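Asker: For reference, the structure I am asking about is given below.
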Amino acid sequence: MLLYILGMDRLTKLENESIYIIREAWSQFKKVAMLWSIGKDSTSLLWLCRKAFFGKIPFPVMHLDTTYKFPEIYEFRDKYAKEWGLNLIVAKNDESIAAGMGPDKGTKLQCCNELKTDNLKKAIAKHGFRALYLAIRRDEHGIRAKERFFSPRDDSFQWNYKDQPPELWDQYKTKAKDEEHLRIHPMLSWREIDIWEYIRRENIPMVSLYFAKNGKRYRSIGCAPCCNPIDSQADTLDKIVEELKASPTSERAGRAQDKENAYTMQKLRSLGYM
Amino acid sequence: MENQNQDLKFVIVGHVDHGKSTLIGRLLYDTNSLPPDKMEEIKKTSEELGRVVEFAFIMDNLQEEREQGITIDTAQTFFRTPKRQYVIIDAPGHVEFVKNMLTGASLAEAAILIVDAAEGVKEQTKRHSYLLSLLGIKQVIVVVNKMDLVDYKEEVFDKIKGELTEFLANLNVQPKLFIPIAALKGDNVAKRSDNMKWYSGQTVLSALDDLEDLEQARDQGLILPVQEIYKLEEKRYVLGRVEAGEIKPGQTIKVLPSGQTTVVKTVEKFQQENLTQAQSGENIGLTTVDPLFIERGNVLCENGKEPLVKTEFSANLFWLSHEPLAKDEPLIVKIATQESIGEVIEIKKRFDSSTMEILEQNAGKLQFLEAAEVTIKAKKPLALAEFSELAELGKFVLIKNDNVVAGGIVAELKNN
C-alpha cells in the first residue's frame, strides 16, 4: 500500500492492511473460516474480523481442539463465542484422541501433526472451506517470514515454499484448480510488540494465562504440556508492553516444537501445520 | 525528528552473492536487534554445516537456502535506530527467483542496491535497477560492498559509481548516494570505517535515517475502488479503501464505469457509524442515499475529478512466466479491484530487462524476464491513471490460468 495519510501511526497502518486483506479474501472466496486458537494473535485477528464486518463476522470461526489446552482457554472461548455472536466450530481429531495420541506418545512432530494438521484436514474436507484465515506473523519464526498474504496449499496440503506465487502490490493469488485451499495471513506484518500495543489500545479481552501470577506468565500459549511459562512480574497490559520492549529473547523460546531441530517448523509447515 | 511510532520499509536488492543477507545481518547485529536465542541457533546450524557463523542465516531459514547458501524467497525483519523503526525486506538475487524479489520490493518505500566491489555491476544489478524503476521506488541508496576484497581502493568504488550512475540515469533512477562498505566487517554500516579515509560521507545507518517518509498523496479527488458489498440487517455497505482524496457524508460521488451519481449517506467503521470523513489509506463501509447498483470493481470518484475510463492503453510490462506471452492470447487484467478479460494487442518494443537493450520492434512474443512497451485491450472499460499521477489506478497485473504472469504500469493515456 503506497498511499496513506502522512503521520498514520504504525498500528493504524497495520490495522488497515489487515482489514483490507480480510475483506479481500472474503470477497474472493466466501466459503472461508478463521482459525481461532484463543491465543493473543488469533484473538486480535478475530477482533480485526469483527471490525472489518461491523461486529458481525460473516463466516465461521474454528477452534482446532487437541483436548490438551489449558482450562482457561476453553472458558475464554465459550464466553466470547457467545458474547460476540460467533459461528463457532470446535474441531477434534476423535480417532487419534481415542487411540491415545498425546505429547508423551511419539514425537512432538507426530502429536502436532495428528491433533492439529490432520484434524484441520478433516475439518476442511467436512465443511468444504476454500480459504482459511490464520494469525501467523513474519517475526514469529524465520520460516513464517517467508510466507505470503495469500498462500496456496495443494490437494495433499503441501506448502510449496520453493515456488510461491508472486504478490504484486495488493493483487493476491486467487484459487487455482489443483489446489486444495488458500491460507490467508492478514497479520503477517505485525510483530509481537505490535500485538500487545494494539490489545492495549483496543482493550481486547485476553486469556488470563498471559498475565503474571506468582512470578510466572505465559508469553505464548498452546497445549498445556508443551508450553512453559517465563519468569515475569507483568500482570497488566502496560507491564507486558514494557517487559517486551526490554526483552532480548524471541517469543517462541518456550515452545517445545522448535527445539527438536532447526527445520522442524519448516517440516511442520510444509505438511500443512499452522 | 524522532518518531518511534512510524516505520519505514526498505528492500535490499542486487546480484546474487553480492552480500544482501550479510548486510542485513550486520545491520541487525550493530543495532542490537538479534535475540540471543536466534544467534545461538545460527551458530549451531552453521557449525553443523561446517561453516563459520553465517549472518545470512538470519534471513535464510529454509533448509535449502542454508545448505545451498542462497536466498530463495523474500523475508522481512525489523530494527530500530533512535530516529525510527525499520522493516527490512530481503529479496533474492538469483535470476530464477525474480518473482520473489518483486513480491518483496513491491511493498517497499525505499531501496538499497548492493554491488560487489570485486565483481562490479552484474546482470541482476541491472535487472533489479530496472524493476526498482518499474515499481516507482524513488529513494535509492547504492552500497558498494566487499571493499575489503579490493584493498579499500577508491578507484574501484569510483569506477562502479560512474558506471552505475549512467545506467540508472537511463532508467530515471537518481540514487541519493553511493556508500563504500564491507558488510562482513562492518565498515561504514553503523560505524565509519578507518580503512577508507578517502570517504567522508554517510554510513548506511545515517543514510537510512535521512530518508523521508513517503509523501502524502497529492491533492487529488476521491478514488475508492469497491471491494465488496456487505449486507447487515437493514444496511447495505459498500466496502473499500480510500486510495486518494477523502469521502464525507453528503458528498456527491460518481460510480465508474457507469458514470451514475449518488450521494453518500454515511461513512462508517465498526462502532463509528457517523464518521465526518475518511482519507486515503482508510478502510471503510459507506452507505448511499439512493439504492444504486454498485458492485466489486466499480470505482467511486468525485465529479469533475474523475480518472479516464478506457478499454485500450499503453503500458510497460514485465513478463514473469516461463511460458512466453503470445500477442492476442486471452488474459485477465487486474487494476485495483477492477478485473477484465483482455489481451496484449501490440508488443511495440521488447527489451532485455538486464541490459535494457531493445531486442525487437513489433514482436509477436515476450519471453521470461523480458520487458516490453505494449498496448493492452480490455473487454470491459477500466478506470485508469498514469502510474506517475495516481499509482493505485496505474499499476496492474496480468493473470493466466489463475497465476500472476506479469506486472505492469500504465505508461501514457491520451484522452481520445
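Asker: On the basis of being among the charged types (D, E, K, R), at pLDDT below 95 and farther than 25 Å from A:Phe211 by Cα, does A:Lys69 make the cut?
Answerer: Criteria not met by A:Lys69.
Asker: From the list B:Lys380, B:Lys400, B:Lys365, which residue is more than 9 Å from chain A (Cβ to nearest Cβ) and farther than 23 Å from B:Arg350 by Cβ?
Answerer: B:Lys380
Asker: Mind listing whichever residues of the stretch B:290-321 are of a type outside the set (Gly, Ala, Ser) and buried (at least 23 other Cβ atoms within 10 Å of the Cβ)? Can you show your working first?
Answerer: First, pick out the residues of the stretch B:290-321 that are of a type outside the set (Gly, Ala, Ser): B:290-296, B:298-303, B:305-313, B:316-320.
Selection gives B:Asn298, B:Val299, B:Leu300, B:Cys301, B:Pro307, B:Phe313, B:Leu317, B:Phe318, B:Trp319.
Asker: To continue, here is another question. Please indicate, with yes or no, whether at least one residue in the stretch A:12-22 is more than 14 Å from every other protein chain (Cβ to nearest Cβ), in a helix (DSSP H, G or I) and not acidic (Asp, Glu). Explain how you work it out, then say what you get.
Answerer: Residues of the stretch A:12-22 more than 14 Å from every other protein chain (Cβ to nearest Cβ): none.
No: zero hits.
Asker: Just one of the numbered conditions (1) buried (at least 21 other Cβ atoms within 10 Å of the Cβ); (2) of a type outside the set (Val, Ile, Thr); (3) touching a strand residue (DSSP E or B) at 6+ places or on another chain (Cβ under 6 Å) is not true of A:Pro60; which one?
Answerer: (1)
Each row is one residue, and each column tells you yes or no for (1) in the same structural domain as A:Ser220 (by TED's automatic domain parsing); (2) under 23 Å from B:Gln227 (Cβ atoms); (3) in contact with a Leu (Cβ under 8 Å, 6 or more places away or on another chain).
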position: A:Ser44; (1), (2), (3): no, yes, no
position: A:Lys51; (1), (2), (3): no, yes, no
position: A:Ala81; (1), (2), (3): no, no, yes
position: A:Ala91; (1), (2), (3): no, no, yes
position: A:Ser96; (1), (2), (3): no, no, yes
position: A:Tyr133; (1), (2), (3): no, yes, yes
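Asker: Can you tell me which residue is surrounded by the fewest Cβ atoms within 10 Å (Cβ to Cβ) among those in the stretch A:39-53 that are among the charged types (D, E, K, R) and facing chain B (nearest Cβ under 10 Å)?
Answerer: Restricting to residues being among the charged types (D, E, K, R) and facing chain B (nearest Cβ under 10 Å), the top hit is A:Arg50.
Asker: Within the stretch B:16-32, how many residues are within 18 Å of B:Ile160 (Cα to Cα) and out of contact with any His (no Cβ under 8 Å at 6 or more places or on another chain)? Walk me through how you get there before you give the answer.
Answerer: Of all residues in the stretch B:16-32, those within 18 Å of B:Ile160 (Cα to Cα) come to B:16-20.
The next check asks that each one be out of contact with any His (no Cβ under 8 Å at 6 or more places or on another chain); those that pass are B:17-20.
Qualifying residue count, the stretch B:16-32: 4.
Asker: I want to confirm something. Restricting to the stretch B:352-408 and keeping residues that are under 17 Å from the mean Cα position of the chain (by Cα) and of a type in the set (Ser, Thr, Tyr), which single residue is farthest from B:Leu171 (Cα to Cα)?
Answerer: Taking the candidates together, the pick is B:Ser388.
Asker: Okay, next question. Name the single residue, out of those in the stretch B:403-416 being touching a helix residue (DSSP H, G or I) at 6+ places or on another chain (Cβ under 9 Å) and of a type outside the set (A, V, I, L, M, F, W, C), that is nearest to the other protein chains (Cβ to nearest Cβ).
Answerer: Top of the filtered list is B:Gly407.
Asker: For the stretch B:66-90, which residues satisfy the criterion of being within 30 Å of B:Ala371 (Cα to Cα), modelled with pLDDT under 80 and more than 9 Å from every other protein chain (Cβ to nearest Cβ)? Break it down stepwise before answering.
Answerer: The initial filter retains those residues of the stretch B:66-90 that are within 30 Å of B:Ala371 (Cα to Cα), namely B:68-76, B:87-90.
Keeping just the survivors that are modelled with pLDDT under 80 gives B:68-76.
Residues satisfying the conditions are B:Gln68, B:Gly69, B:Ile70, B:Thr71.
Asker: So, of the residues in the stretch B:111-127 that are modelled with pLDDT of 90 or more and not hydrophobic (A, V, I, L, M, F, W, C), which turns out to be nearest to B:Asp352 (Cα to Cα)?
Answerer: As a first pass, look at the stretch B:111-127 and keep what is modelled with pLDDT of 90 or more: B:111-122, B:125-126.
Now drop any that are not not hydrophobic (A, V, I, L, M, F, W, C), which leaves B:116, B:119-120, B:122, B:125-126.
Values: B:Asp116: 22, B:Glu119: 21, B:Gly120: 19, B:Lys122: 14, B:Thr125: 13, B:Lys126: 10 Å.
Here the residue is B:Lys126.
Asker: When only residues in the stretch A:163-218 that are of a type in the set (Lys, Arg) and over 16 Å from the mean Cα position of the chain (by Cα) count, which is farthest from A:Glu72 (Cα to Cα)?
Answerer: A:Lys177
Asker: Using beta carbons and a limit of 6 Å, which pairs, at least six apart or on different chains, have the first residue in the stretch B:123-150 and under 28 Å from B:Lys197 (Cβ atoms) and the second one acidic (Asp, Glu) and at pLDDT 95 or above?
Answerer: Correct list of pairs: B:Asn145/B:Asp116; B:Lys146/B:Asp116.
Asker: I'd like the full set of residues that are in contact with a Lys or Arg (Cβ under 7 Å, 6 or more places away or on another chain) and facing chain A (nearest Cβ under 9 Å), limited to the stretch B:104-121.
Answerer: The answer is B:Leu107, B:Glu109.
Asker: In the set B:Glu392, B:Glu343, B:Glu370, which member is among the acidic types (Asp, Glu), closer than 25 Å to B:Arg296 by Cα and away from chain A (no Cβ under 14 Å)? Quick ask: steps written out before the conclusion?
Answerer: Details: B:Glu392 fails: away from chain A (no Cβ under 14 Å); B:Glu370 fails: closer than 25 Å to B:Arg296 by Cα.
From the options B:Glu392, B:Glu343, B:Glu370, the qualifying one is B:Glu343.
Asker: In the stretch B:241-284, which residues are within 21 Å of A:Phe54 (Cβ to Cβ), surrounded by 14 or more Cβ atoms within 10 Å (Cβ to Cβ), away from every other protein chain (no Cβ under 14 Å) and touching a Lys or Arg at 6+ places or on another chain (Cβ under 9 Å)?
Answerer: Result: B:Pro249, B:Thr262, B:Val264.
Asker: So, one more: Which condition number in (1) surrounded by fewer than 16 Cβ atoms within 10 Å (Cβ to Cβ); (2) of a type outside the set (A, V, I, L, M, F, W, C); (3) within 14 Å of another protein chain (Cβ to nearest Cβ); (4) assigned to a strand (DSSP E or B) is the one that B:Thr287 fails?
Answerer: That leaves (1) as the condition not met.
Asker: Let me confirm something: among B:Gln220, B:Gln216, which residue is modelled with pLDDT under 95, part of a loop (DSSP other than H, G, I, E, B) and over 20 Å from B:Leu8 (Cβ atoms)?
Answerer: Details: B:Gln216 fails: over 20 Å from B:Leu8 (Cβ atoms).
The unique qualifying residue is B:Gln220.
Asker: With modelled with pLDDT under 85, closer than 25 Å to A:Leu14 by Cβ and out of contact with any helix residue (DSSP H, G or I) (no Cβ under 6 Å at 6 or more places or on another chain) as the only criterion, which of A:Ala224, A:Ala253, A:Ala246 stands out?
Answerer: After applying the criteria, what remains is A:Ala246.
The values are calculated or read from the model by the stated rules, or taken from the named source; none is laboratory data. Just so it is clear, the model here is predicted, and its values are computed rather than measured. Neighbour counts are summed over all protein chains in view; Cβ atoms, including those assigned to glycine, are modelled from backbone coordinates with ideal geometry.
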